[in-house]
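Quick one: the structure is below, and I'll ask about it shortly.
FYI, it's all coordinate maths here, none of it is from the lab. Because the structure is a prediction, the values reported are computed rather than measured. Positions of Cβ are generated from backbone atoms using ideal geometry, with glycine treated the same way; all protein chains shown enter the neighbour counts.
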Amino acid sequence: MAIPPPDADDIRALIALSRQRIVSFGFCLGKRPGTAVMVMHRDRDASVMARKARQLGETPRLAFGFLSTRGRVVTLTCENTPPPRIAKHVKKFLMGLGLKVKVTLAAQGSAEAPDEADEADPAETTKPVPRDGDWAKLREAVESAARRTIEETPAIGDKLTAALAIADRKARSGDRRGAARALRQIVQAFGLN
C-alpha cells in the first residue's frame with residue numbers, strides 16, 4: 001500500500017495531533033532550500049517514513065524518527081544521525097507552511113542536544129529529569145528545611161506553603177523537571193539550608 005505524497009494540510013493536521021500523541025516523521029533535505037520533503041504518519045513506523053521521504057526527496061540527507069509538540073515547541077527524536085542543523089531546516093520548512101514553531105532536536109534517549117536545539121535554554125537541557133525517588137527525597141529535604149524556617153520566621157509561612165504547593169502541582173502533572181526547578185528556586189528565594 002503506497003503512502004500518498006504529503007500536502008500542507010496533512011502536515012498541519014499531524015503537527016496538531018502530535019500535541020496529543022507521538023507521530024513518526026521522515027525529513028529529506030533538498031538541493032535548494034525550498035525543495036525539502038517531510039512525511040508524517042500517526043501509525044506507521046519511522047523507518048517507513050524514512051523510505052518514503054528518501055523516495056520523494058532529492059538528496060540522501062535524511063532525518064527520521066518521532067515528533068511531538070508541546071505548546072509551540074516541536075521536538076524531533078531522531079532514530080538516525082541527523083544532518084547538521086536539521087532543527088533549523090525543519091523550522092524553515094514548517095514556517096513555509098505557515099506554522100510558527102520552535103524546533104528542538106532530542107537524542108534517542110530523549111535528552112535534548114543543546115547544539116542542535118533551536119533557541120533552547122542551555123540550563124534546562126543539561127539538567128537530568130528527576131526520577132520519582134529523587135523527587136521524593138528532594139521534596140522531603142526542602143519540606144523539612146521549610147518547617148525549620150517557618151518556626152524561626154512565621155511571617156513567611158503562607159508564602160512558603162504556597163510555593164511548595166506550586167511545586168507539588170507541577171510534580172502531579174508529570175513535569176518533574178519543572179517541579180525540581182521550583183524547589184531549587186524556593187531554596188534560593190527563602191534561604192533554606
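If the cut-off is 16 Å between C-alpha atoms, which lysines fall inside it for Lys31, apart from same-chain ones fewer than 8 positions away?
Lys88, Lys92
With each pseudo-label sitting 7 Å past Cα toward Cβ, what's the Lys159-Arg19 distance in nm, one decimal?
Once both label points are built, they end up 3.6 nm from each other.
Also, quick follow-up: What percentages make up the Cα-Cα pair-distance distribution of region 8-120 when the bins are 10 Å wide from 0?
Reading upward from the zero bin: 16, 54, 30, 1.
Report, by chain and number, residues whose modeled amide H sits under 5 Å from the one on Leu105, excluding near sequence neighbours (fewer than 5 apart, same chain).
HN-HN under 5 Å from Leu105: Leu76, Ala113, Ala117, Asp118.
Lys137: which lysines have alpha carbons under 21 Å from its alpha carbon, excluding same-chain residues fewer than 8 sequence positions away?
Qualifying lysines at Cα under 21 Å: Lys127, Lys170.
Amide H to amide H under 5 Å from Val23: which residues, 5+ apart in sequence or cross-chain, H placed 1.01 Å off N in plane?
Under 5 Å from the amide H of Val23: Leu67.
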